[in-house]
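Asks: Here you go, one structure.
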Amino acid sequence: MSTTKVSLRRVPSSAPIAEIMSVFHEDGGVIIEGLLTPEQVERVNREIEPDIQAMQPGSKHENELVAEFHGRNTKRLTNLVTRSKTFATEVIDHDLVNALAEAVFLEESGTHAMTTTQVIEIGPGNAAQMLHRDLENWFPFVGMGPSGPEVIINFLIALTDFTDENGATRVIPGSNHWPDFEDRGTPEQTVPAEMSPGDALFFSGKTAHGGGANQTTDFYRRALAFAFNAGYLVGEEAYPFLVDRELAKTLSPRVQRLIGFRSQYPTGSPGLWQVDYSELADHLGL
């Protein structure tokens, strides 16, 4: 699909929800400046630093294509609810984050849940990631194209500077409207999401994108990535098996629902993820 290359539009975190959503729907993604404060960025980096340092780069996946997708010199730290108190209590409970998620999902899907949380650190020399759309996790939606529902949204928050040279995520604005979602576009059609720490790229699962090539010799580009899917779909990470129940009890009801410790109530459903047709949180004593 040919397209005229345009830059990603930017809005301040104080912008009205309607303004942010207008750009989101038109372009498939928007940069929200200052979603996190410098102090929050510092805390998240400090909290996850020991685990990042203990990791070896690269993927352990047996499939070579998947391993290449994950990045040969890339670290991916998951289960951030357990590893970062700031993330668990401030980032995914952020009012703007949840207001935007509700603006996407509430009318069409009713509820939403968290599908994955990662710190993604792209090291020097790592090649560009293959372009993809996040909705490819649930293949039937690929065939629905732009008329299908929004099944996943992603927030990618810069924890370091994001530049064209150091591997800033690359996006094809407008690709959320292409008629054929099996067409992922080409690298030449992408633009870099250049951001300062605390800025966030908020984008649709319909939008073609991929991690950029880190062309530096010594800079590690670090991002905090988390995604929400419609409440009737299975996510990537099985949080009830990863997050200790005692930790879950300390989190807000909103976060408990996002990570699977409360039932889901999609549009038209009397409830999913229940116990004896009753609210899961009651069974868990939350």
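FYI, it's all coordinate maths here, none of it is from the lab. These numbers were taken from a predicted model, which means no experiment stands behind them. Reconstructed Cβ throughout: ideal geometry from the backbone, glycine too, with neighbour counts over all protein chains shown.
Asks: Note down the nm distance, to one decimal, between modelled labels 7 Å out along Cα→Cβ at residue 37 and at residue 108.
Replies: Each label point is offset 7 Å from its Cα along the Cβ direction, giving 3.4 nm.
Asks: Looking at the chain, identify the longest residue range that excludes and avoids all GluC sites (Glu not before Pro) in DSSP loops having at most 12 other Cβ atoms within 10 Å.
Replies: No qualifying site falls inside 63-181, the longest such stretch.
Asks: Could you check the simple spin-label distance between residue 218 and residue 14, using points 7 Å along Cα→Cβ, in nm with one decimal?
Replies: Here the answer is 3.8 nm between the modelled labels.
Asks: Taking the Cα centre of the chain as the origin and placing charges on Cβ (Lys, Arg +1; Asp, Glu -1), which of 212, 169, 125 is farthest toward the positive end of the dipole?
Replies: So the residue we want is 125.
Asks: Another question, then. Below 8 Å, C-alpha to C-alpha, sequence gap of six or more: please give me the relative contact order for the stretch 10-239 in percent.
Replies: Numbers: 497 pairs, mean separation 67.0, N = 230.
Rounded, it is 29 percent for the stretch 10-239.
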